[in-house]
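The values are calculated or read from the model by the stated rules, or taken from the named source; none is laboratory data. Predicted model only: the values in this text are computed from it and were never measured. Positions of Cβ are generated from backbone atoms using ideal geometry, with glycine treated the same way; all protein chains shown enter the neighbour counts.
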Amino acid sequence: MAELGHRVIGLDVDAQRVAALSAARPPFHEPGFAELLTRTVASGRLTFTTDYADLAGADVHFLALGTPQRADGLGADLGMIESALDSLVPLLAARGGARTLIAGKSTVPVGTARRLHARVAGIAGATVVWNPEFLREGFAVSDTLRPDRLVYGLADPAGAEAEHEVALLDRVYAPMLATSIPRKVYSLESAELVKVSANSFLATKISFINAISELCDITGADVADVAEAIGMDDRIGRKFLRAGVGFGGGCLPKDLRGLISRAGELGAVDSFAFLRDIDAINTGRREYMLRRARAALGDSLEGRRVAVLGAAFKPDTDDVRDSPALDIAVRLVGEGADVSITDPAALANVRARFPSLHAIEDVEEALAGAELVLLLTEWPLYRELDPARAGTLVAARRLIDGRNVLDLAAWRRAGWDASGLGRR
Ligand code: UGA
């Protein structure tokens, strides 16, 4: 938003994070973000604080807090949003009736925004709107500055206040709207549901193709062929049909479970039962990979050397939340395997969570002596590995490509027993 020309103050309760951001040091790995942060901090338009009082003059407060899965596994933990709103209320009341928007960006169970809206209803000039965020990690900068669409959720899209609310959000996004990015005005509930529906639909596509890939393994069909040809039908589309060890990260798994749980609360249990299967197919992929690893090594993993390429939940991020790669690595260790895991960005996070895992920076070092290599996050670095060179490092040329990105024929020509998931 500072890049769009606005004066922005970012607040976080974590003083260390605020200090790092103020010094233009990104607290996570995200392509293009360091440059953007440096530029906007240097411009003076972007500052950071831990003190809510510094936000007093703002026209719009964006709530971009995490809504993690609750510890009981049911629904989202809204504690951070609630406490941020509690802290904002005195500031809103002190604005003397000046129009102030609280714009939610976080992914929340449908109905949350209406409840938050009711909490500020008595404060003159203050309103809650919902403005979901659709960025992907790894593409955060471009997705944010050039999104497919902007969605504004309003308490009453046909009401007297709607015009002012839309005008204020339009001022925020003016440079983007000038480039014809579609902007849709809906109710609060529709806006909330757009976000969770999109993520659950994407999750459904992935689990669907993963189920098909299991049939490919049984029958000798190739899932890449099936995905390619069904994707040529515009109604289906090519994207999110890459079979492999499944989806992870802080969004798809959590949002899927959040939708199941919220639908249940709202009385639509039966219609959402299929999403439990989508989740089960996805987590089943990790077990499937373990079965394949066991089979490759003659049924027992005890004492066997396994190299795991990739720890992040996907490339171009250091995020290991619900990462299939890391989960599989930890389970291999649980079965007695001697595992080396490598990743170009995520090893600090791996070490913080699993200090006992053998985390190795250098790919060649990770491959050394391996009896089985598993590619679990498709970083370009691993896609470009030279099979002949890699073959000189390992103890046995066995490879399972858990992301279906390698040219298996080339690896086989170099003497590898190489397979994918659902590939010929
Ligand atoms: C996802 C959505 O794509 C974003 O639109 C959304 O804004 C974001 O969640 C969010 O809710 O904040 P993200 O979690 O960053 O973005 O990552 P994705 O690119 O969606 O990938 C999710 C997982 O699916 C990864 O583990 C990836 O490896 C896996 N995946 C993706 C597949 O297994 N197959 C595919 O064909 C595509």
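Residue pairs whose Cβ atoms lie under 9 Å apart, separated by 6 or more positions or on different chains, with the first residue in region 389-409 and within 23 Å of ILE206 (Cβ to Cβ) and more than 16 Å from the ligand (Cβ to nearest atom) and the second at pLDDT below 95 and among the charged types (D, E, K, R), are LEU408/ARG424.
Once region 353-383 is narrowed to residues that are within 16 Å of the ligand (Cβ to nearest atom) and either of a type in the set (Asp, Glu) or touching a residue at least 40 places away in the same chain (Cβ under 8 Å) (or both), the residue that is farthest from VAL306 (Cα to Cα) is PRO380.
Scanning region 392-415 for any residue that is of a type in the set (Phe, Trp, Tyr) and either touching a helix residue (DSSP H, G or I) at 6+ places or on another chain (Cβ under 6 Å) or surrounded by fewer than 18 Cβ atoms within 10 Å (Cβ to Cβ) (or both) turns up at least one such residue. Checked against (1) more than 16 Å from the ligand (Cβ to nearest atom); (2) touching a residue at least 60 places away in the same chain (Cβ under 8 Å); (3) crowded, with 19+ Cβ neighbours inside 10 Å; (4) farther than 22 Å from ARG7 by Cβ, LEU74 meets all criteria but (3).
Only one of the numbered conditions (1) surrounded by fewer than 19 Cβ atoms within 10 Å (Cβ to Cβ); (2) small (Gly, Ala, Ser); (3) out of contact with any Leu (no Cβ under 9 Å at 6 or more places or on another chain) is not met by GLY336, and that is (3).
Out of LEU150, LEU169, LEU145, LEU154, I need the residue that is closer than 19 Å to PHE62 by Cα, in contact (Cβ under 8 Å) with a residue 40 or more places away in the chain, buried (at least 19 other Cβ atoms within 10 Å of the Cβ) and among the hydrophobic types (A, V, I, L, M, F, W, C). Which one? Break it down into steps so the answer makes sense when it comes.
Details: LEU150 fails: in contact (Cβ under 8 Å) with a residue 40 or more places away in the chain; LEU145 fails: buried (at least 19 other Cβ atoms within 10 Å of the Cβ); LEU154 fails: in contact (Cβ under 8 Å) with a residue 40 or more places away in the chain.
After ruling out the rest, the residue left standing is LEU169.
Can you confirm whether VAL196 is touching a Pro at 6+ places or on another chain (Cβ under 9 Å), surrounded by 21 or more Cβ atoms within 10 Å (Cβ to Cβ) and in a helix (DSSP H, G or I)?
On the way: touching a Pro at 6+ places or on another chain (Cβ under 9 Å): yes; surrounded by 21 or more Cβ atoms within 10 Å (Cβ to Cβ): yes; in a helix (DSSP H, G or I): yes.
For VAL196, the condition - touching a Pro at 6+ places or on another chain (Cβ under 9 Å), surrounded by 21 or more Cβ atoms within 10 Å (Cβ to Cβ) and in a helix (DSSP H, G or I) - is met.
When LYS184, LYS239, LYS205 are checked against the criterion of being in a strand (DSSP E or B) and either of a type in the set (D, E, K, R) or within 13 Å of the ligand (Cβ to nearest atom) (or both), LYS184 stands alone in meeting it.
Residues that are more than 28 Å from LEU326 (Cα to Cα), at pLDDT 95 or above, surrounded by fewer than 22 Cβ atoms within 10 Å (Cβ to Cβ) and within 11 Å of the ligand (Cβ to nearest atom) occur at least once in region 215-235.
A Cβ distance below 7 Å, combined with a sequence gap of six or more or placement on separate chains, defines the contacts here; from region 175-201, residues that are under 30 Å from ASP279 (Cβ atoms) and among the hydroxyl-bearing types (Ser, Thr, Tyr) reach residues that are within 16 Å of the ligand (Cβ to nearest atom) and part of a strand (DSSP E or B) in the pairs TYR186/VAL151; TYR186/GLY153; SER187/GLY153; SER190/GLY153. Regarding region 282-291, can at least one residue be identified that is modelled with pLDDT of 95 or more, out of contact with any helix residue (DSSP H, G or I) (no Cβ under 9 Å at 6 or more places or on another chain) and either part of a helix (DSSP H, G or I) or farther than 12 Å from VAL245 by Cα (or both)? Yes, there is a match, as at least one residue in region 282-291 is modelled with pLDDT of 95 or more, out of contact with any helix residue (DSSP H, G or I) (no Cβ under 9 Å at 6 or more places or on another chain) and either part of a helix (DSSP H, G or I) or farther than 12 Å from VAL245 by Cα (or both).
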